[in-house]
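Take a look at the structure below.
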Amino acid sequence: MREKNGLVRDYARLAPVIPVVTIEDARASIDLAHALIGAGLPVIEITLRTDAALDAIAAIAKAVPEAVIAAGTVLHPSQIGEVVDAGAKFIVTPGTPRELAEALAEAPVPVMPGCATVSEAMTLANLGFDTLKLFPAMASGGAAWLKGINGPLPHLRFCPTGGVDLANAPSLLSLPNVLCVGGTWITPKKALEDGDFAMIARLAREAAALRPRAVD
Ligand code: 3PG
């Protein structure tokens with residue numbers, strides 16, 4: 001677990017923002033990955049919310065090995081094997097009920113499990129996870145929540161996601177327990193549908209210019 005936690009932190013420190021992508025057509029995935037990586041965002045969360053998601057993960061893993069692909073919206077233990085087989089380098093969940101958390105603790109790849117309360121964060125910490133997704137971050141308390149939890153649980157690090165955008169990301173990234181943030185704003189649905197990778201690259205460059213404060 002220690003080694004896997006270390007890898008999650010390494011991934012979370014690669015860029016200030018993890019684009020959260022819901023992809024309808026896996027054929028767009030390689031151009032998308034090139035656009036994001038070229039703009040400075042090498043860590044990409046592909047959510048398991050569409051039929052194309054596993055194919056997209058597999059296509060990027062094969063064609064763009066420098067991409068660090070997370071499988072997101074992992075809801076059931078049965079999905080762990082599927083995303084690992086597809087080539088996901090790590091797993092992200094929006095929330096982490098006990099059964100899922102216990103299965104994730106045994107996963108062969110690193111995991112950034114989701115939580116929204118202090119008790120959930122403590123349960124995950126007790127299972128050995130030390131780098132968590134706060135979701136939905138802004139609805140759950142945002143920067144105030146993150147400042148609050150840093151008192152009793154200063155060893156935990158977070159990737160707040162959900163309601164995060166270019167305007168509110170700096171205040172989150174200025175906190176000592178935030179390694180990076182996540183969000184969908186870099187890959188708008190219409191830009192993906194239109195294959196507008198120039199727009200996605202522009203949004204990604206803006207996001208990549210943000211600077212986190214947490215260093216450890
Ligand atoms: C996620 O799964 O992380 C969310 O869907 C992020 O959504 P948002 O950035 O649009 O709030």
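The values are calculated or read from the model by the stated rules, or taken from the named source; none is laboratory data. Being a predicted model, the structure only gives us computed values, none of them experimental. Because the Cβ atoms are built from the backbone with ideal geometry, glycine has one as well, and the counts that use them run over all protein chains shown.
Within the range 49-62, which residues are among the hydrophobic types (A, V, I, L, M, F, W, C) and surrounded by fewer than 24 Cβ atoms within 10 Å (Cβ to Cβ)?
Within the range 49-62, Ala52, Leu54, Ala58, Ala59, Ala61 qualify.
Could you tell me whether the range 154-162 includes any residue that is crowded, with 16+ Cβ neighbours inside 10 Å, assigned to a helix (DSSP H, G or I) and either at pLDDT 95 or above or within 16 Å of the ligand (Cβ to nearest atom) (or both)?
no
Return a yes/no flag: does the range 128-136 have any residue that is more than 15 Å from the chain's Cα centre (by Cα) and surrounded by fewer than 19 Cβ atoms within 10 Å (Cβ to Cβ).
Yes: one or more hits.
Between a first residue in the range 109-128 that is in contact (Cβ under 8 Å) with a residue 12 or more places away in the chain and assigned to a helix (DSSP H, G or I) and a second residue that is of a type in the set (D, E, K, R) and surrounded by fewer than 16 Cβ atoms within 10 Å (Cβ to Cβ), which pairs have beta carbons less than 8 Å apart while being 6 or more apart in sequence or on different chains?
What qualifies is Thr123/Arg98.
Would you tally the residues in the range 21-38 being more than 14 Å from Ala67 (Cα to Cα) and either within 16 Å of the ligand (Cβ to nearest atom) or assigned to a strand (DSSP E or B) (or both)?
Total meeting the criteria: 3.
Residues to consider are Asp165, Asp194; find the one that is among the acidic types (Asp, Glu), farther than 27 Å from Glu3 by Cα and within 16 Å of the ligand (Cβ to nearest atom).
Every option except Asp165 fails the conditions.
With (1) in contact with an Asp or Glu (Cβ under 9 Å, 6 or more places away or on another chain); (2) within 14 Å of the ligand (Cβ to nearest atom); (3) part of a loop (DSSP other than H, G, I, E, B) as the list, and Ala71 as the residue in question, which single condition is left unmet?
Status for Ala71: all satisfied but (3).
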